[in-house]
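The structure appears right after this line, and notes come after that.
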Amino acid sequence: MEKINGQITEKEAVKEIWGDEFAKLADNKRIVITEIEIFVRLRCEVKLSDGSSTRLLKLREPNVRDLKNTDTVKGDISKSAVMIASISDVLDSSLDKLGASDFTLLNLVTAAFLGDGPETGATS
């Protein structure tokens, strides 16, 4: 597999930048972590909203709007699909065709975003 420019492969470096949850994913060859971006290598291509296709899907950190959008959706799988589509720019119709292993991997990354982050120190 090709190495992505700026890819971080050491768990401690990943933990420092992205937190414990992403450090747990650092050994997965299908998850690519850089200082500023997270990518997932998919088994099949997906179409993006700009009309292009890719097997290397970039995910961004969810924002509050993304989280609020999942509140209106019923069902855990549907909530996950809405979140993944929102943070990756994948067309819903393309996301619906993903295999279970790709969908599960994307869910792991989404869960890592929603987990812990780098230590920020005491708040009081």
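The values are calculated or read from the model by the stated rules, or taken from the named source; none is laboratory data. The shown structure was predicted, so the numbers you read here are calculated from the model rather than taken from an experiment. Positions of Cβ are backbone-derived with ideal geometry, glycine not excepted, and every protein chain shown enters the neighbour counts.
Of note:
- Residue match in segment 35-45 (condition: in contact with a Leu (Cβ under 9 Å, 6 or more places away or on another chain), over 17 Å from ALA111 (Cα atoms) and β-branched (Val, Ile, Thr)): no
- Qualifying positions in segment 1-30 - in contact (Cβ under 8 Å) with a residue 60 or more places away in the chain, over 13 Å from PHE113 (Cα atoms) and either among the small types (Gly, Ala, Ser) or in contact with a Lys or Arg (Cβ under 8 Å, 6 or more places away or on another chain) (or both): ARG30
- Residue within segment 53-60 that is buried (at least 16 other Cβ atoms within 10 Å of the Cβ) and in a loop (DSSP other than H, G, I, E, B) present: no
- Once segment 78-107 is narrowed to residues that are of a type in the set (D, E, K, R) and touching a residue at least 24 places away in the same chain (Cβ under 8 Å), the residue that is surrounded by the most Cβ atoms within 10 Å (Cβ to Cβ) is ASP102.
- Qualifying residue in segment 52-70 (condition: under 17 Å from ASP102 (Cα atoms), among the β-branched types (Val, Ile, Thr) and under 16 Å from the mean Cα position of the chain (by Cα)): yes
- Filter result for ASN5 (under 15 Å from the mean Cα position of the chain (by Cα), surrounded by fewer than 18 Cβ atoms within 10 Å (Cβ to Cβ), among the polar types (S, T, N, Q) and in a loop (DSSP other than H, G, I, E, B)): no
- Qualifying positions in segment 68-77 - loosely packed, with under 14 Cβ neighbours inside 10 Å and either touching a Lys or Arg at 6+ places or on another chain (Cβ under 6 Å) or among the hydroxyl-bearing types (Ser, Thr, Tyr) (or both): THR72
- Residue in segment 36-43 that is part of a loop (DSSP other than H, G, I, E, B) and either at pLDDT 95 or above or among the small types (Gly, Ala, Ser) (or both) present: no
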